[in-house]
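What follows is calculated from the coordinates using simple rules that are stated; it is not laboratory data. Since we're looking at a predicted model, the values are computed, not measured. Virtual Cβ from ideal backbone geometry, glycine too; neighbours counted across all protein chains shown.
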Amino acid sequence: MSTADEQGPGAAPARRHRPRLLHEEEVRLADGWTSAWRVRCTCGLQGPHRPGRPGKRAAEADREEHLQSVAPPQSERCRDLRSHRTTWWDACPVCAHQMALPGM
Ligand SMILES: [Zn+2]
Ligand SMILES: [Zn+2]
């Protein structure tokens, strides 16, 4: 008898959001087949199908909405995205660490 624990080590990597717009050529909708856009994020989110030409803008709006929903509050967002190599919607460990320092 063995109790196999296949789970990885405890250090879970930070979940990042890298949403992409996908263009799907054949999507079945109520009124037939069409092409559609949808947003898909590395966190597992899949947006709804946004059919047709205006679908791209709708999917972009879905992406923006998702980022807004996962982003930290304005005051906790990274203040130097390039140096810290992060994005405005990811919690920045560098800035979070700096805010913990006393003496401001
Ligand atoms: Zn996401
Ligand atoms: Zn930062």
If a paramagnetic tag sat 7 Å from the Cα of D31 along the Cα-Cβ line, which residues of segment 50-70 would have the backbone N under 17 Å from that point? 50-56
For segment 16-70, state the semi-axes of the equivalent ellipsoid (square roots of 5 times the eigenvalues of the alpha-carbon gyration tensor), sorted largest first and rounded to whole angstrom. 21, 10, 8
Placing each pseudo-label 7 Å from Cα in the direction of the beta carbon, W88 and L22 end up separated by a distance in nanometres of 2.7 nm
